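Comments concern the structure below.
The values are calculated or read from the model by the stated rules, or taken from the named source; none is laboratory data. This is a predicted model, so every value here is computed, not measured. Note: ideal-geometry Cβ built from the backbone for every residue, glycine included; neighbour counts use all protein chains shown. Note: areas computed on protein heavy atoms with side chains; ligands, DNA, RNA excluded. Shrake-Rupley method; radii C 1.70, N 1.55, O 1.52, S 1.80 Å.
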Amino acid sequence: MPAVELESGSAEETEAIAARLAASLRTGDVVLVSGELGAGKTTFVRGASRALGVEARVTSPTFTIGHRYAGRVDVSHLDLYRFRGLSAAEWGDLEPYFQDAIVFVEWPEAGAGVLPQPRAHVRLEHVASEVRRVAVDTNDERLLEEATSAGSGFRHGD
């Protein structure tokens, strides 16, 4: 997948990157969001959700596994941190979150081979105490353009 890398110096910048990406998302899209603890995954989802019209408080679904928010489109936010893989029964519990929504999945590694094909995979990592690298991988050139529009300091990757 082609990728772009951006740097964020604050939660607000991470949310703005997510909002730009969200501008090209549509119902049925899945975005995987990876990164170590505290890297800004939920912050990223909050920025995208706001851009999609969600007014409710966006919080990490670590203990509830998933949240569904109403906006201009429905937004599902899943957190698979507590999973080691997905059984058929567990997938059955998660499947409704994917119906008629844009879906963001934190810790998607647990769903490898089971989750629907993503439109994008976002990876966040610590660069310094307040700086994060945000890598967006996708085969969709328009999505890459949206993610980097009005943003400075991005680098195209392989």
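Worth pointing out:
- Within the stretch 1-15, restricting attention to residues that are touching a residue at least 40 places away in the same chain (Cβ under 8 Å) and not in a loop (DSSP other than H, G, I, E, B), the residue that is nearest to A120 (Cα to Cα) is A3.
- Subset tally (residues that are within 24 Å of I17 (Cα to Cα), among the hydrophobic types (A, V, I, L, M, F, W, C) and in contact with a Gly (Cβ under 7 Å, 6 or more places away or on another chain)) for the stretch 65-122: 3
- Hey, V54 β-branched (V, I, T) and either without any contact (Cβ under 8 Å) to a residue 12 or more places away in the chain or open to solvent by less than 10 Å² (accessible area, probe 1.4 Å) (or both) or not: yes
- Scan the stretch 46-68 for residues that are under 19 Å from E95 (Cα atoms) and of a type in the set (A, V, I, L, M) and the total you get is 1.
- Pairs, first in contact (Cβ under 8 Å) with a residue 24 or more places away in the chain in the stretch 80-106, second of a type in the set (V, I, T) and in a helix (DSSP H, G or I), C-beta under 6 Å, six or more apart: F104/V45
- Exactly one residue out of L124, L94, L78, L115 is among the aliphatic types (A, V, I, L, M), open to solvent by less than 50 Å² (accessible area, probe 1.4 Å), modelled with pLDDT of 80 or more and assigned to a loop (DSSP other than H, G, I, E, B): that is L115.
- Count of residues meeting criterion [open to solvent by 50 Å² or more (accessible area, probe 1.4 Å) and either in contact with a helix residue (DSSP H, G or I) (Cβ under 8 Å, 6 or more places away or on another chain) or of a type in the set (S, T, N, Q) (or both)] in the stretch 97-106: 1
- Positions within the stretch 57-68 being open to solvent by 20 Å² or more (accessible area, probe 1.4 Å) and not charged (D, E, K, R), in sequence order: T59, S60, T62, F63, T64, I65, H67
- The stretch 1-50, residues that are surrounded by fewer than 17 Cβ atoms within 10 Å (Cβ to Cβ) and farther than 18 Å from D137 by Cα: G9, S10, A11, E12, T27, L37, G38
- Count - residues of the stretch 127-155 that are assigned to a helix (DSSP H, G or I), buried (at least 17 other Cβ atoms within 10 Å of the Cβ) and either of a type outside the set (A, V, I, L, M) or modelled with pLDDT of 85 or more (or both): 2
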